[in-house]
Amino acid sequence: MNFTKQDIETIKEVLSAAKIIGIEGLVFSEGQARGARPSLDAAILTTAKLSVEDVAIGIGRTGELEKRLGIFGANVTIDLTVNGRGDASMLTLSAGKSKMQYRLTSPKLMRYPKSNEDEAFAHITLSKEEVQQISQASKSMGSENMTVHVSRVGVVKIECSDATNDRFEVELEAVAAFTDEAESTIQQYVAGLMAGVLDAAGKDGEVVMQMGFAGSIAVQVKNHTLLVLPQLTEEE
């Protein structure tokens, strides 16, 4: 089975988006691409339609596939091998008289989210300037965690701290837009993940974060949805 040029572009785009949050395994199936970090603190769950629709494709070494695609450049073609059991088993990358194999991973052996069941609680808008300031503060302080406070009246504060507990805090200009009844919440995330996602999403302007009732944050990056998941407390 040969992938179309659009299929290849879609795969490249998803690999690039997944790299932002350190996703090492992806499954393409049912018109979606899904994957999660081993630590389960971030995931990708996004639309990614391929012309090959009747087989699930498991990519267990995303970084390796990205490097191999780079070897062949823009003229690469990809052929998908399906074994006798009907499972996708290998990709053959080629251009001109050169070709290279990439062995696939069974989706049954991979952990990935089937869906995002965390219903939207609020939409939080950050300006490009706020994104840059938050990201720079987090990186310069070497912050491990980033905390998002949403008050019942929609005031949003984002906070991070360094090893000596010196704190950076910013109150966003825009108030949160609640999807239903207003509620307050405080959620904590891995600072490096949040900063990386905000950096990538904010390159073209403001960023809208969709926060779920359970604390997940969904952000559109390169037309694909990345999820940053809250850190669990000891009580949870």
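The values are calculated or read from the model by the stated rules, or taken from the named source; none is laboratory data. Here the structure is a predicted model, which means the values were calculated and not measured. Note that we place each Cβ from the backbone using ideal geometry, even for glycine, and neighbour counts take in every protein chain shown. Note: areas computed on protein heavy atoms with side chains; ligands, DNA, RNA excluded. Shrake-Rupley method; radii C 1.70, N 1.55, O 1.52, S 1.80 Å.
A compact table of results
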| quantity | calculated |
| --- | --- |
| Å² per residue, accessible surface of the range 96-135 at 1.4 Å | 68 Å² |
| Within-10-Å neighbourhood charge of Phe168 [Cβ basis; K, R +1; D, E -1] | -3 |
| Dimensionless Rg ratio for the range 1-65, taking C-alpha atoms and the 2.2 N^0.38 Å reference | 1.04 |
| Accessible area per residue in Å² at 1.4 Å probe, computed on the range 160-236 | 56 Å² |
| Tail weight of P(r) past 16 Å, computed on alpha-carbon pairs of the range 54-99, percent | 44 percent |
| MRE, 222 nm, helices only [DSSP H, n ≥ 4, -39500 (n - 2.57), over the chain, to nearest 500] | -7000 deg cm²/dmol |
| Solvent-accessible area, 1.4 Å probe, carbon plus sulfur percent, for the range 145-236 | 45 percent |
| Accessible heavy-atom area order of Arg68, Arg34, Arg103, Arg111, highest first, probe of 1.4 Å | Arg111, Arg103, Arg68, Arg34 |
| Subset of Lys12/Lys222; Lys67/Lys108; Lys49/Lys203 violating a 22 Å alpha-carbon distance limit | Lys67/Lys108; Lys49/Lys203 |
| Column: log10 I(q)/I(0), Debye, Cα scatterers of the range 86-209, q = 0.23 Å⁻¹ | -1.34 |
| Summed residue charge, Cβ within 14 Å of Gly142's Cβ, Lys/Arg positive, Asp/Glu negative | -1 |
| Inter-part distance where the range 1-53 and the range 189-208 are each reduced to a Cα centre, Å | 19 Å |
| Percent accessible area from carbon and sulfur atoms, the range 1-143, protein chains only, probe 1.4 Å | 47 percent |
| Cα Rg over Rh - the chain, Kirkwood | 1.03 |
| 9 Å beta-carbon shell around Gly212, net charge (K/R +1, D/E -1) | -3 |
